[in-house]
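Undergrad: Take a look at this one; I'll ask things after.
The values are calculated or read from the model by the stated rules, or taken from the named source; none is laboratory data. A quick note: this is a predicted structure, and the numbers were derived from the prediction, not measured. Positions of Cβ are backbone-derived with ideal geometry, glycine not excepted, and every protein chain shown enters the neighbour counts.
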Amino acid sequence: MEERWARLSAGKMRYLAGGEGHPLVLVHGIAASSFSFRLNCEELARHFRVFVPDFLAITSAASLPASLAANALRLKEFLDSVGIDKGHILGSSYGGAVVMELASLAMDRFTTMVLVSPANPFARRYHRVVRFYLSPLGGAFIRVVPYLPGWAWDYGIGRMYSDPSTMSANTGRGYAQPLRIAGMPRRILAALGTFTADVEALRARLTGLASIPSLIIWGNRDPVVELESAYPLQEQLRARLVVMNGIGHLPYEERPPEFNEILRDFLLT
């Protein structure tokens, strides 16, 4: 995978690209980056032209709009910049909500849609996390958390795993590093400010996305976005649902070979 930069109207966006074939775009979660898919890119690039944007990390001194729609439009601008007219587009957690928003705005850009443990209108568990970060204590916490030691980050990321012992070395540090980019905590808080209402607004548009061939992947031990919300989401999207047993919120990290196989089989069938 090669590091590259896409030129957008608001600034430059870092991304990784590699492989040959039909485009596959991997969209990370809210406090994450392209690092999230480090265990998947090599295998997926054997079959697809893989793009992994750091879609929240824009080199801009200005305050950028951070609603779900604004981030979806920024992702669309990324597709334009790198020459993707249509492709497979995958979103994880917050990124899953961004991908659904993008689908509601530009359905013609999707060959398929893949959602991994996505925030969605039928979920409620993640609301308490959003409320915490929007509190004065949470706002202060998110500004210092990027500078916590690696072991503290390992503990925090490990809480999203079903079995933290499977976490690869230096995972915490890999997650922390991009959050040290100037302005990143402010952008995350701005995105969270409208997030719950933005996700709820997706509810009325879900059935309109049912014409996109879609796959939903979920861990049955997800502690962040409850598996129970997958079933009404699946029904609205008419999607295929694959539940990975013994897995938490980050199935592509917890069991990469199985995840890669599920994804590859769906996209190539």
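Undergrad: Here is a list of conditions, (1) surrounded by 21 or more Cβ atoms within 10 Å (Cβ to Cβ); (2) part of a loop (DSSP other than H, G, I, E, B), and ILE217 meets all of them except one; can you say which number that is?
TA: ILE217 satisfies all of (1) surrounded by 21 or more Cβ atoms within 10 Å (Cβ to Cβ); (2) part of a loop (DSSP other than H, G, I, E, B) except (2).
Undergrad: Let me ask you something else. Take the stretch 86-97 and flag every residue that is within 16 Å of TYR252 (Cα to Cα) and either basic (Lys, Arg) or part of a helix (DSSP H, G or I) (or both).
TA: Those that are within 16 Å of TYR252 (Cα to Cα) and either basic (Lys, Arg) or part of a helix (DSSP H, G or I) (or both): TYR94, GLY95, GLY96.
Undergrad: Looking at the stretch 202-214, can you tell me whether even one residue there is within 21 Å of ALA72 (Cα to Cα), hydrophobic (A, V, I, L, M, F, W, C) and without any contact (Cβ under 8 Å) to a residue 24 or more places away in the chain?
TA: yes
Undergrad: Another one. Among the residues of the stretch 165-172, is there at least one that is part of a loop (DSSP other than H, G, I, E, B), aliphatic (A, V, I, L, M) and surrounded by 12 or more Cβ atoms within 10 Å (Cβ to Cβ)?
TA: Checked the stretch 165-172: at least one residue is part of a loop (DSSP other than H, G, I, E, B), aliphatic (A, V, I, L, M) and surrounded by 12 or more Cβ atoms within 10 Å (Cβ to Cβ).
Undergrad: From the set of residues in the stretch 126-151 that are closer than 16 Å to TYR175 by Cβ and free of Cβ contacts under 8 Å to residues at least 12 places away in the same chain, which is surrounded by the most Cβ atoms within 10 Å (Cβ to Cβ)?
TA: Among residues in the stretch 126-151 that are closer than 16 Å to TYR175 by Cβ and free of Cβ contacts under 8 Å to residues at least 12 places away in the same chain, the one surrounded by the most Cβ atoms within 10 Å (Cβ to Cβ) is PHE141.
Undergrad: For the condition surrounded by 16 or more Cβ atoms within 10 Å (Cβ to Cβ), assigned to a helix (DSSP H, G or I) and modelled with pLDDT under 95, what is the one hit in ALA70, ALA66, ALA103?
TA: From the options ALA70, ALA66, ALA103, the qualifying one is ALA70.
Undergrad: Test each condition in (1) surrounded by fewer than 14 Cβ atoms within 10 Å (Cβ to Cβ); (2) touching a residue at least 24 places away in the same chain (Cβ under 8 Å); (3) of a type in the set (D, E, K, R); (4) in a helix (DSSP H, G or I) for ARG187 and report the one that comes out false.
TA: Single failed check for ARG187: (1).
Undergrad: Condition first: modelled with pLDDT under 90, closer than 25 Å to LEU75 by Cβ and part of a loop (DSSP other than H, G, I, E, B). Can you find one or more residues in the stretch 138-156 that meet it?
TA: no
Undergrad: Just one of the numbered conditions (1) assigned to a loop (DSSP other than H, G, I, E, B); (2) under 22 Å from ILE181 (Cα atoms); (3) free of Cβ contacts under 8 Å to residues at least 40 places away in the same chain is not true of GLY83; which one?
TA: The one condition GLY83 does not meet is (2).
Undergrad: Name the single residue that is surrounded by the most Cβ atoms within 10 Å (Cβ to Cβ) among those in the stretch 2-27 being part of a loop (DSSP other than H, G, I, E, B) and modelled with pLDDT under 95.
TA: Here the answer is ALA10.
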